Amino acid sequence: QRYCQDVYRGQLASVHSAARNQELQKLAQTYHIIIAPWIGAVTSFRAGQWQSYWEDSSPWNYANWAPTHPFHIVTTCTTLSTRDGLWRSRFCIQLRPFICQY
């Protein structure tokens, strides 16, 4: 997120519809990204419960989680699969491609 902000003056992408999810999946495929890129969803324990939210503070009104995701163990960030379009929880320290929006 910080790299996206500092270098590109943007935010990690937030996804609010199936159409947008598919658009971002196809965009990543166009660039031949094999490793699932980061999007701006974070899941963490807040106000006594596990919650997912967007880094850009936009409303949480759509989700496309893979089965068994998101994880509710530690705070996790989210990847968008270029193969199936599903989202998966990953440890936030992993180096991965990312989708930045403006």
Q | the chain: translational diffusion in µm²/s, Stokes-Einstein, Kirkwood Rh over Cα pairs, 25 °C, 0.890 mPa s | A | 180 µm²/s
Q: Could you work out how far helix 18-30 tilts from the main Cα principal axis of the chain, as a 0 to 90 degree angle to the nearest 10?
A: 50 degrees
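Given a 1.4 angstrom probe, I'd like the percentage of the accessible area of the chain that is carbon and sulfur, rounded to a whole number. All intermediate terms of the calculation are to be shown ahead of the outcome.
Values: 3430 of 6180 Å².
Here carbon and sulfur together make up 56 percent of the probe-accessible area.
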Q: Compute the accessible area per residue over region 2-101, keeping the other protein chains in place, probe 1.4 Å, unit Å².
A: 59 Å²
Q: Starting from the amide H of Phe98, placed 1.01 Å from N in the peptide plane, find each other amide H under 5 Å away whose residue is 5 or more places distant or on another chain.
A: Trp38
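For the chain, what is the charge dipole size about the Cα centre, in debye to the nearest 20, if Lys and Arg each add +1 at the Cβ and Asp and Glu each add -1 at the Cβ?
On the way: 9 positive and 5 negative charges, 27 e Å.
For the chain, the charge dipole is close to 120 debye.
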Q: Place the peptides 78-85, 67-74, 51-58 in order of packing, highest mean first, counting for every residue the other Cβ atoms within 10 Å and averaging per peptide.
A: 78-85, 51-58, 67-74
(Q) What are the ³J(HN,Hα) couplings of region 62-79, residue after residue, when phi is run through the Karplus curve with 6.51, -1.76, 1.60 and θ = phi - 60°? Round to Hz, x for glycine and proline. (A) 7, 8, 9, 5, 5, x, 6, 10, x, 6, 10, 10, 9, 4, 10, 9, 10, 10
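The values are calculated or read from the model by the stated rules, or taken from the named source; none is laboratory data. Here the structure is a predicted model, which is why all the values come from computation and not from measurement. As a convention, Cβ positions derive from the backbone with ideal geometry for all residues, glycine included, and neighbour counts pool all protein chains shown. Please note that ligands, DNA and RNA were not included when accessible areas were found on the heavy atoms of the full protein model with its side chains. Shrake-Rupley method; radii C 1.70, N 1.55, O 1.52, S 1.80 Å.
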